[in-house]
1. Could you work out how much longer the chain between D221 and E169 gets when fully extended? Use 0.36 nm per residue separation minus the Cα distance between them, nm to one decimal.
2. Determine, for the chain, the count of lysine pairs separated by eight or more sequence positions (or lying on different chains) whose alpha-carbon distance falls under 16 Å.
3. If you take every DSSP beta bridge whose two residues both sit in the chain, what share of them, in percent to the nearest 5, is antiparallel?
4. What shape does the range 1-150 take by its C-alpha gyration tensor, where a ≥ b ≥ c are the square roots of the eigenvalues and a/c under 1.5 counts as rounded, a/b above b/c as prolate, and the rest as oblate?
5. Please compute the net charge surrounding G148, taking Lys and Arg as +1 and Asp and Glu as -1 over other residues with Cβ under 12 Å from its Cβ.
6. How much net charge surrounds I95 when only the other residues with a Cβ under 11 Å from the Cβ of I95 are counted, with Lys and Arg +1 and Asp and Glu -1?
7. Testing the spin-label approximation: label points 7 Å from Cα along Cα→Cβ at K154 and L4. State their distance in nm.
8. GNM, the chain, Cα, under 10 Å: largest mean-square fluctuation among Q203, Q70, Q212?
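Every read-out reported here was derived from the displayed coordinates using simple, explicitly stated rules and does not represent laboratory data. This structure is a prediction, so every number in the text was calculated from the model and none was measured. Cβ placement follows ideal geometry from the backbone for every residue including glycine, while neighbour counts extend to all protein chains displayed.
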Amino acid sequence: MEILFFSALSLFAKDVTNVFNVVTGLPVERMHLAEDFINRVKGERNITLYNGAANRSIKINVSDIEVVPQPLGTYWSSISNSAIAPDGRIGVVDIGFKTTDFATIEDSEYIPEKSKSILVGLATAYDDIGSNLVTEFGVEKESYALDGIVINRKINISGETIDISSIVESAFEKLATNILVEIHSQWNVSEFDCLLLTGGGGQALSSYILPQLSNAKLALDPITANCRGYLTWADRLWNHSYPQNSNLKFD
């Protein structure tokens, strides 16, 4: 985790010493790990960057860091691009690879007791697809190797290209159904002004989920929506450029 965190920051490290304020997120039900996360990354680190045979040493100083429930990023980015109004009751369904988060925001206030995480995500569908490939074709693929196959809906076996659209669609539909069951179990959806579907899984499953929820919509660029929202919140914390009509707060 730390290697990935500092690798990401290193992309913006232009000097020998680089100071950052950071906003990032954790799944809703892993927010209890926030303090440990902050303690592990805050402060100054000596980092060596490798580029082929060349390398250079830099310092990265995480001066300040705010850790928030991940789906709030989509809420903030949707306000900043005027996709939703900040008031009312908003639900965010953030479908990732390993987890799906449900976050409730009422009148700009995050409500943790009406938010949760489940250990269901695109990996669940990938497992189903992988199992079907073994059963039907005797081909075993790791999850990381399935991306291109799932995107293209095709697999090459013994020099032959085979269409697996039906396998992918069946797995996605099954996953979407499971998530819809969780949505209705967690919330009375008719009480929400808007449900925002986000994340890479949200984009992949939008055609299955959105027709079943009349008050739902797909977030703009859902794959990056959380990250763009973190930047919006960082602006509010440290540059005071967050939209004037929102006073979102959370504990």
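1. Numbers: separation 52, 0.36 × 52 = 18.72 nm, distance 2.19 nm.
Roughly 16.5 nm would be gained on extension.
2. Values: K14/K59; K42/K59; K98/K116; K98/K174; K114/K249; K141/K154.
The number of close lysine pairs in the chain is 6.
3. On the way: 25 of 44 bridges.
Around 55 percent of the beta bridges assigned by DSSP in the chain are antiparallel ones.
4. On the way: a/c = 2.22, a/b = 1.09, b/c = 2.04.
Oblate shape, in that a/c is at least 1.5 and b/c is the bigger or equal ratio.
5. Working: positive: K141, R153, K154; negative: D147.
Cβ neighbours under 12 Å give a net charge of +2.
6. Numbers: positive: K98; negative: D94, D101, E182.
So the environment of I95 carries a net charge of -2.
7. Output for this residue pair reads 3.1 nm.
8. Top of the fluctuation ranking is Q212.
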